[in-house]
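Colleague: Provided herewith is a single structure, encoded as C-alpha cells, for subsequent inquiry.
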Amino acid sequence: MSALAAGFANPPEESARAFRAAMQAMACPGTIQNIAGPQVPGLSAAAALLLLTLTDSTTPVLLTGNSAEARNWLTFHTGAPEPANAAEASFAVGTWGDLGPLKAYPVGTPDYPDRSATLIVEMSDISADGPCLTGPGIETEVRMSLPDADALRLNAALYPLGVDLFLTSGTRLAALPRSTRIAEDT
Amino acid sequence: MSDYNFAYLDEPTKKMIRRAILKGLAVPGYQVPFASREMPMPYGWGTGGVQVTAACLTPEDTLKVIDQGADDTTNAVSIRSFFAKVAGVATTTRTGEASVIQTRHRIPETPLRSDQILVYQVPIPEPLRFLEPRETETRRMHALEEYGLMHIKLYEDIARHGAIATAYAYPALVNGRHVFDPSPIPRFDNPRLESPAIQLFGAGREQRIYALPPFTRVQSLDFDDHPFEASKADGACALCGATHTYLDEIVADDQGTRRFQCSDTDYCMERRA
C-alpha cells in the first residue's frame, strides 16, 4: 500500500494563507493568484490546497476523472464524504469535460442561494485572454480564459442562483463567481 | 504566541466561516447563515466581526480595530489586544499601515486600498427586520426581490419630516439585486462602500455573514425627487479644523458648550502631525 501524500505541516497558518489567496481570487474575478500547494496524485497543487482549506466532514466532494485518485488522501486529511451524485456535492473537482454539464450541480434555492456547489475546474492553463468580464470585484473590465463561456453565461443568468468556480492550473488559481457577467464577444 | 490555536478559533470552525465568506462574495449583499460561535466577549461587542477577522487573519497581517472611528475606546482596545494575544499579529492605529481593519460603525476617512480588508461588526444584518419581524418572511422578500416596504418606509420619512430621516444603517441596493444593511455606519459613509478593498460583514448574534467584493455597485435607496444625500454635522473639527470629515458632537463642559471633533481619531491625528 502506497503512502498518502502529505497535507498541511502547520494547518492554522498554511490554511490561513491559502484562504486569503482563495478569497482574493473570488473577490476579484480575473486576477490570477500563484500559490504553493502539496503534491497530490490526481490534483493540481492549487486544487489540493483549496480542498485542504475548505472541505470537511460536512461538505461532500465529488472527484471526477483523474482527481478520483485523490479520494483516500482527501478522506484522510479532511474527512470529506463522497456524494451519491453531483446534485449532492458541495464541491466538485475535475477538468471541464469530466465535471459534465453544470445543470447537474446544486445552484442554491431562491431562499438560500448560498446552498450551491463550488466547482474546482482543473485547467491546462489560465491566462488573461478570453471573454470580457464585468461585475463585482472588477473595476472596469478584465479578460480571462474560461472553459466554456456559453455554459457559464447561462450560469450567470441564474443570478443570484448558480454555481461558483475556482479555476486551477498547477499552482495558479483564479475564480469565477456567478455574479460575473460574461460578454458575448471573445 | 500563546497556547491558543492561531487566531483563537478551531480549524473546523474557520473552514465553515471561510466557506460562508466565499459564498457571500459570490452573491454580494446576500446574508449567508453561519454557525456563529460563542466568543470570549458578549454579543453586541463585535463577536461577528471577531469571527470573520479570525477566519481571515494570517500571521503576516497588521490589524487595526476602530469603534465609531476611534482606536482608543474599550471595544477597539479589547479586540486589538485579543488578536495580539491569540494570533500574535502586529497591530496598528494607522489606517495606511493596516492590512485588516475591523470596524464598528465607521469607514476610515483615509481611502482604503485593494490590499486591505475591512471587517464590519453588525448588530442587525436584516435591513427589513424592523418592518417585518419574521425571518421566514424577510428571507422570502429577498428571494422575490420584494423591497417595496423599504421604499414605503423611506417615503413615510419624507411625508413626516420632509426628508429621509434615516441617518445611519442606511439601506442600499447591492449589485442591482439585494437590499442590504451596511451596519450602523453614518449615511455619510455610504458613498464609500464602493471601495477597492474587500468588505466583509459579520453578525455574531444573528449568525449572518455578508460581503462586498471591491468595486461592487452599492446604490443608497432614494427617490428621483429626493436623491440620497451623504449628510454630516455642519461644522469643523475643533482639533484639526477639517470640514470634510464625519464629526462627533461633544459636550465640552458643565455649561453645555458643544464642539465638533473628527470621529476618525487616526485621520485627525495625522492631519495635526
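Colleague: With Cβ to Cβ distances under 15 Å as the rule, what net charge do the other residues near A:GLU88 carry (K, R +1; D, E -1)?
Modeller: On the way: positive: A:LYS103, A:ARG115; negative: A:GLU82.
Taking every Cβ under 15 Å from that of A:GLU88, the sum is +1.
Colleague: Can you work out the accessible area per residue across chain B, with the rest of the protein chains kept in place, probe 1.4 Å, in square angstrom? Please list the in-between numbers first.
Modeller: Values: 11260 Å² over 273 residues.
Heavy-atom SASA per residue in chain B reads 41 Å².
Colleague: Probe radius 1.4 Å, ligands and nucleic acids left out: can you give me the accessible area buried at the A-B interface, summed over both chains, in Å² to the nearest hundred?
Modeller: Details: alone 9150 and 12960 Å², together 18770 Å².
Buried: approximately 3300 Å² between B and A.
Colleague: Another question about this same structure. May I ask you to work out the translational diffusion coefficient for the stretch A:4-146 at 4 °C, viscosity 1.567 mPa s, via Stokes-Einstein with Rh from the Kirkwood sum over Cα pairs, reported in whole µm²/s? Write out the running numbers ahead of the final one.
Modeller: Details: Rh = 16.0 Å.
Estimated diffusion coefficient is 81 µm²/s.
Colleague: Now, a different point. I want the antiparallel fraction of DSSP beta bridges within the protein assembly as shown, as a percent rounded to 5. Don't jump to the answer; show the numbers that get you there.
Modeller: Details: 34 of 63 bridges.
So the antiparallel bridges in the protein assembly as shown amount to around 55 percent.
Colleague: Local charge sum around B:LEU239 (other residues, Cβ-Cβ under 12 Å, Lys/Arg +1, Asp/Glu -1)?
Modeller: Details: positive: B:ARG259, B:ARG271, B:ARG272; negative: B:ASP248, B:ASP264, B:GLU270.
That sum, taken over residues with Cβ under 12 Å, equals 0.
Colleague: Among bridges DSSP assigns within chain B, what percent are antiparallel (round to 5)?
Modeller: On the way: 21 of 37 bridges.
Close to 55 percent.
Colleague: Probe radius 1.4 Å, ligands and nucleic acids left out: which of A:TRP96, B:TRP45 has the largest accessible area, and how do the rest follow?
Modeller: Values: A:TRP96 50, B:TRP45 110 Å².
Order by accessible area, largest first: B:TRP45, A:TRP96.
Colleague: Right, here's the next one. Need one number: the % of Cα-Cα pairs in the stretch A:107-186 sitting beyond the 18 Å mark.
Modeller: Values: 1238 of 3160 pairs.
So the pairs more than 18 Å apart make up 39 percent of the total in the stretch A:107-186.
Colleague: While we're looking at this one, here's another question. Once both axes come from the Cα atoms, what is the angle between helix A:45-54 and the longest principal axis of chain A, in degrees from 0 to 90, rounded to 10?
Modeller: The helix A:45-54 is inclined about 80 degrees to chain A.
Colleague: Cross-link list B:LYS85/B:LYS232; B:LYS14/B:LYS64; B:LYS23/B:LYS85; B:LYS64/B:LYS153; B:LYS153/B:LYS232; A:LYS103/B:LYS14: which exceed 32 angstrom alpha carbon to alpha carbon?
Modeller: Values: B:LYS85/B:LYS232 37 Å; B:LYS14/B:LYS64 20 Å; B:LYS23/B:LYS85 30 Å; B:LYS64/B:LYS153 36 Å; B:LYS153/B:LYS232 22 Å; A:LYS103/B:LYS14 30 Å.
B:LYS85/B:LYS232; B:LYS64/B:LYS153, as the Cα separations exceed 32 Å there.
Colleague: Would you mind counting up the charge near B:GLY162? Only other residues with Cβ under 15 Å from its Cβ, with Lys and Arg at +1 and Asp and Glu at -1.
Modeller: Numbers: positive: B:ARG160; negative: B:GLU156, B:ASP157, B:ASP222, B:ASP225, B:GLU229.
Cβ neighbours under 15 Å give a net charge of -4.
Colleague: With θ taken as phi - 60° and the coefficients 6.51, -1.76 and 1.60, list the Karplus ³J(HN,Hα) couplings across the stretch B:44-53 in order, rounded to whole Hz; mark glycine and proline as x.
Modeller: Karplus values, whole Hz, x for Gly and Pro: x, 9, x, 5, x, x, 4, 5, 5, 4.
Colleague: Next up: Taking a probe of 1.4 angstrom, what is the accessible area of B:MET16 in Å², to the nearest 10?
Modeller: The accessible area of B:MET16 comes to roughly 30 Å².
Colleague: Right, another one. Which log10 I(q)/I(0) values does the stretch A:99-148 give at q = 0.21 Å⁻¹ under the Debye formula, counting every alpha carbon as one identical point scatterer?
Modeller: After summing over all Cα pairs, the log10 values are -0.98.
Colleague: Looking only at chain A, where both bridge partners belong to it, what percent of the DSSP beta bridges are antiparallel (to the nearest 5)? Numbers along the way, then the final one.
Modeller: Working: 13 of 26 bridges.
Roughly 50 percent of the beta bridges in chain A run antiparallel, per DSSP.
Colleague: Turning to a different aspect of this structure: First compute the accessible area of the stretch B:232-273 with a 1.4 Å probe, then give the percent of it belonging to carbon and sulfur atoms. Before the final figure, lay out the partial values.
Modeller: On the way: 1120 of 2560 Å².
About 44 percent, which is the carbon plus sulfur part of the accessible surface.
Colleague: Kindly give the semi-axes, whole Å and largest first, of the ellipsoid equivalent to the stretch A:126-165, taking each as the square root of 5 times a Cα gyration tensor eigenvalue. Don't skip to the end; give the middle numbers.
Modeller: Values: eigenvalues 60, 36, 12 Å².
Sorted largest first and rounded, they come to 17, 13, 8 Å.
Colleague: Further question: Which Rg and Dmax, in Å, describe the Cα atoms of the protein assembly as shown?
Modeller: Just the Cα atoms of the protein assembly as shown yield Rg and Dmax of 22.6, 84 Å.
Colleague: To check my understanding: the extent here is largest minus smallest coordinate of the Cα atoms along each principal axis. What are those three numbers for chain B, in Å, largest first?
Modeller: 58, 50, 35
Colleague: For chain A, calculate the relative contact order in percent as a whole number, restricting contacts to Cα pairs under 8 Å that are 6 or more residues apart.
Modeller: Relative contact order of chain A: 24 percent.
Colleague: Let me ask something additional. Give me P(r) over the stretch B:232-273, computed from all C-alpha to C-alpha distances, binned every 5 Å, as integer percentages.
Modeller: Using 5 Å bins, I get a P(r) of 5, 28, 32, 19, 12, 4, 0 for the stretch B:232-273.
Colleague: Of B:LYS85, A:LYS103, B:LYS232, which has the most accessible area and how do the rest follow, probe 1.4 Å?
Modeller: A:LYS103, B:LYS85, B:LYS232
Colleague: Dividing the convex hull volume of the alpha carbon atoms of the stretch B:8-102 by its residue count, what do you get in Å³ per residue?
Modeller: 111 Å³
Colleague: Give, to the nearest whole percent, the P(r) tail of the stretch A:57-141 beyond 16 angstrom, counting all Cα pairs.
Modeller: Numbers: 2184 of 3570 pairs.
Value for the stretch A:57-141: 61 percent of Cα pairs lie more than 16 Å apart.
Colleague: Please give the peptides B:130-140, B:102-112, B:248-258, A:171-181 ranked by average Cβ packing (other Cβ atoms within 10 Å per residue), highest first, as a rough proxy for protection. It would help to have the intermediate numbers written out before the result.
Modeller: Values: B:130-140: 13.2, B:102-112: 21.8, B:248-258: 10.1, A:171-181: 24.5.
The densest-packed peptide leads the list: A:171-181, B:102-112, B:130-140, B:248-258.
The values are calculated or read from the model by the stated rules, or taken from the named source; none is laboratory data. Because the structure is a prediction, the values reported are computed rather than measured. Here the Cβ is made from the backbone with ideal geometry for all residues, glycine too, and neighbour counts use every protein chain on show. Side chains included, ligands, DNA and RNA excluded: accessible areas come from the protein's heavy atoms. Shrake-Rupley method; radii C 1.70, N 1.55, O 1.52, S 1.80 Å.
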